[in-house]
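FYI, it's all coordinate maths here, none of it is from the lab. It should be emphasised that the depicted structure is a prediction, and the values quoted were computed from it without experimental measurement. Here the Cβ is made from the backbone with ideal geometry for all residues, glycine too, and neighbour counts use every protein chain on show.
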Amino acid sequence: VMAALDAAGFDPTTAGSKPTAFREMVRRNNANLDPALRGRLRDFYERYKLKTSSATPAEQAARYVSLAYALGTAPGFEAPARSDDLPSELLEVLDFSALVREYYRQPGVADQMPEYLRAHREAAASLRPTTAEMVRATLSYLHTRPQTSIIERVPTSDPARKNEKKKKLDGKERPVILTREKQRRFVVVPDLLGTPGATNFRIIGDDYYAIVPPGIAPTSSDLRRAYLQYIADPLIGRFSRDIAARRAEIKQLLDERRKTNPDVSPDVFLTVSRSLVAAADARMNEATRLNALARRNSVRLQASRDETERAEITRESQESRQAIEDTSIAQLADAYERGAVLSFFFNEQLHGLESSGFDIANFFGDMMSSFNTTREATRPTEYTTARARHLAAREKAKAANSVASESPEDAQRAALFENLEQVDELLHLKNYTEAETQLRAMLKEFQGEPRIFFALAQAASLSAQDAFEEDLQRERLNRALSLYEQAVLVASPDVDSDKALISRARAARGRIFTFLDRRDEALKEFDAALRIGPVRGGAYTEAQARKQELMSPK
C-alpha cells in the first residue's frame, strides 16, 4: 500500500533533505510503472488528499496506513465491506484497494516484495532490543504487568445448546453465557516508507499496532504512549463501574473544555484512559531528565574547585530543574486542553506511587473515587505561568538555533550534543547494547569525535558492572580502558572543554586500574589528570582523592 502511495505522489521528505535509501530503492523499482496506472494513482491521491493547509504528511498518510491493515493479503488485497462500523477516515480511501491490486499485478512488483520484506525484517530486528527495554522500563515504573488476554462473557446462540437449562433469576429465564478468552498483542512494525518523526498507532480488534518510521527510537515518547495505552485500556475496563460512578463529574469537566475545543471527545472512559496515559508519559519523561541532570551535576560538583563554583553549579541546577518541571506541566496542559481533563490528577497520584512498589491496579479504584471536580476545573489557572515560561524558553531556544544554523559547524555540534543526550538516557535505562549501536553509527558522521569515544567507554564500563562472569567483566573493562585512551588521543589538549574530557578519561582509567589491582598504572593515570590542572568540568579533585587513597598505607 505504501509503495503504491509513493507512486501516487506522496512524499514526506522535507525540503533540503534526501529520501531514505529504502524510498529511493522503491522509486527506482517504480520507474517503469505503467504511466496510465501512475496517473490513476495520482488522481486518486489528489482527489482525496486532506485539503486543510495545516494537514501534515503524517496525517495525509494515516488513512492509508489504516487501509493497509484493513486489507486482506496479497495478491487479492480484499477490502472489507462498507459499513458504518468502519472508521470514516478508512471509508474515504477504501477504493484505493482496487488500485493496490492493479499495482501489485504490474510486472516485477511481486518479485520485489521479498527484498522489501527482508529490509523490514532487518529494521524490526534492530528495534527489538530497545523496544524490550522501553517495555521493561514502563512496566517497572507502573509496577504492573501487561494484560495479554481478556475473558469475554457472551450469550450463546449455538443450536446444539438450545435445550440446556437456562439460569433463572426472580423467575425469569436467562440465556446460557459462555466465556471466551481473547489474546491481546502489542506489535511494533517498522514502516520504511512512513513519515519521518511520526509514529502511527492503530488498534485493530484486540491488537495494538505502533507503526514506526525510520529515525524514531523505541525509547521515544510516542512509542511509549502507545504501549501505555495498551496497558491502560484493560484497566479502564476492569474499573468501568468506578468510572461510571463519576460520569457526571467527568462530563462536567469535559463540557467546560468543549466550549473552547468542540473536537474534545465526550466519552468519559476515553477521557480517563487518555488522562492516565498522558500523566504516566509526562512523569516518565520528567523522571528521566531529572535523573540525567542529577548525574551530570554530581560529576560537576565532584570536579568543582571551590564554593563559588559549587554555588554556580547549584544555581544552574535549580534553573534546569525548573525548566524540566515547566516542560512537564506544559505537556500535561496540552493534554488537558485536548480532553485529558484528569491528566494533572493522575500525574500527582503517580508521583505518590513511584517509590511504593505497588501495582497501580491496586489503587486505581481509590483514585477514581478521590478526585475533586472543583480542583481539576481550576487547573488551567494554575498552569498558565509555568506554561508561559516553557513557551518563552522554547522560543528563545528556537531563536538561538536559528542563529546557530547560519554556521554548519555549530549546527553539527548541536546535533552531536542532542544525540549524546539520547545516548545518556539509554545508559540510564541500562540499555548498553543500543547505546553502543547508536554511538558506533554516530562515529560515521562525527569521525574522530572524542566525546563519542568517551561515551562508548562509559557504556563498556557501566555494562561491566552488570556482568556476573569474571571473564566477561574483565573483557568489558579492558574495552573501556582502550576507548578512554582513544578519547584522549583524539581530543585537543588546547581546548578547555577537551581538557576537561581528557581529565575525566584519565581519572576513569585510574578507577578501572584500581579495581583491577594494577596500582602503578592507576597512579600514572591520576597523575596525568592532575597535570592537566583544575579545569572546569574535569576530574582534578577526584584524581587527588583517589591518588591519596592509593598512597595511604593499608
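Let a ≥ b ≥ c be the square roots of the eigenvalues of the Cα gyration tensor of segment 435-554; is it rounded (a/c under 1.5), or, if not, prolate (a/b larger than b/c) or oblate? Oblate, because a/c is 1.5 or more while a/b does not exceed b/c. Backbone phi angles across segment 363-378, fed through the Karplus curve with coefficients 6.51, -1.76 and 1.60 (θ = phi - 60°), yield HN-Hα couplings of 10, 5, x, 5, 4, 4, 7, 9, 6, 10, 4, 4, 4, 5, 5, 8 Hz in residue order; Gly and Pro are listed as x.
By how many degrees, 0 to 90 and rounded to 10, does the Cα axis of helix 307-337 deviate from the longest principal axis of the chain? Helix 307-337 sits roughly 0 degrees off the main axis of the chain.
Here the Karplus curve 6.51 cos²θ - 1.76 cosθ + 1.60, taken at θ = phi - 60°, turns the phi angles of segment 122-138 into couplings of 5, 5, 5, 5, 6, 7, 4, x, 6, 5, 4, 5, 4, 4, 4, 5, 5 Hz, with x standing for Gly and Pro. Under 5 Å between amide hydrogens, built in the peptide plane, is the criterion, and for Leu516 it picks out nothing among residues at least 5 positions away or on other chains.
Just need the relative contact order of segment 404-551 here, percent rounded to a whole number, with Cα pairs under 8 Å and 6+ apart. Walk me through the intermediate numbers first.
Values: 164 pairs, mean separation 22.3, N = 148.
Once normalised by length, the contact order is 15 percent.
Residues whose amide H falls under 5 Å from that of Tyr208, counting only those 5 or more places apart or on a different chain, are Arg185, Phe186, Val187, with hydrogens built in the peptide plane. Here the Debye sum runs over all C-alpha atoms of the chain as equal scatterers in vacuum, and log10 of I(q)/I(0) at q = 0.08, 0.12, 0.13 Å⁻¹ comes out as -0.72, -1.36, -1.46. Scanning residues 5 or more positions from Leu178 or on other chains, those with amide H under 5 Å from its amide H are Val154, Thr156, with H placed 1.01 Å from N in the peptide plane. Considering only Leu290, His120, Val423, the residue lying farthest towards the positive end of the dipole of the chain is His120, judged by Cα position with unit charges set on Cβ.
The alpha-carbon of Lys430 sits under 13 angstrom from the alpha-carbons of these aspartates and glutamates, leaving out residues fewer than 8 places away in its chain: Glu133, Asp466. As a rough footprinting exposure proxy, the listed residues Ile150, Ile532 were ranked by other beta carbons within 10 Å of their own, and the order from fewest upward is Ile150, Ile532. Rounded to the nearest 500, the helix-only mean residue ellipticity at 222 nm of the chain stands at -21500 deg cm²/dmol, with each DSSP H run of n ≥ 4 adding -39,500 (n - 2.57). The phi torsions of segment 513-529, fed into the Karplus equation with coefficients 6.51, -1.76 and 1.60 and a -60° offset, translate into couplings of 4, 4, 4, 7, 6, 10, 4, 4, 5, 5, 4, 4, 5, 5, 5, 5, 5 Hz, rounded to whole numbers, with Gly and Pro shown as x. Find which of Leu50, Leu90, Pro12 sits farthest along the positive direction of the dipole of segment 1-150, computed with +1 on the beta-carbon of Lys and Arg, -1 on that of Asp and Glu, about the Cα centre. Positive-end residue among those listed: Pro12.
About the Cα centre of segment 239-403, what is the dipole size in debye to 20, counting +1 per Lys and Arg Cβ and -1 per Asp and Glu Cβ, all else neutral? Intermediate results must be reported in sequence, preceding the final value.
Values: 25 positive and 25 negative charges, 66 e Å.
I would put it at about 320 debye.
The stretch between Gln322 and Val299 holds 6.3 nm of extra length on full extension. This uses 0.36 nm per residue minus the Cα-Cα distance. A simple charge model with +1 on the Cβ of Lys and Arg, -1 on the Cβ of Asp and Glu and nothing else charged puts the dipole of segment 2-127 at about 360 debye relative to its Cα centre. When you count the other C-beta atoms within 10 angstrom of each residue and take the mean per peptide, 241-247, 500-506 line up highest first as 500-506, 241-247.
Sorted fewest first by neighbouring Cβ atoms within 10 angstrom, Met134, Met113 come out as Met113, Met134. Taking the Cα centre of the chain as reference, the dipole from Cβ charges on Lys and Arg (+1) and Asp and Glu (-1) amounts to some 1200 debye. Computed over the chain, relative contact order equals 10 percent, with contacts defined as Cα pairs under 8 Å that lie 6+ residues apart.
What the Cα atoms of segment 2-127 give is an Rg and a Dmax of 14.9, 43 Å. Farthest towards the positive end of the charge dipole of the chain, among the residues Gly448, Pro534, Ala393, is the Cα of Ala393, using unit charges on the Cβ of Lys, Arg, Asp and Glu.
The C-alpha atoms of the chain define a longest principal axis, and helix 379-404 lies at about 60 degrees to it.
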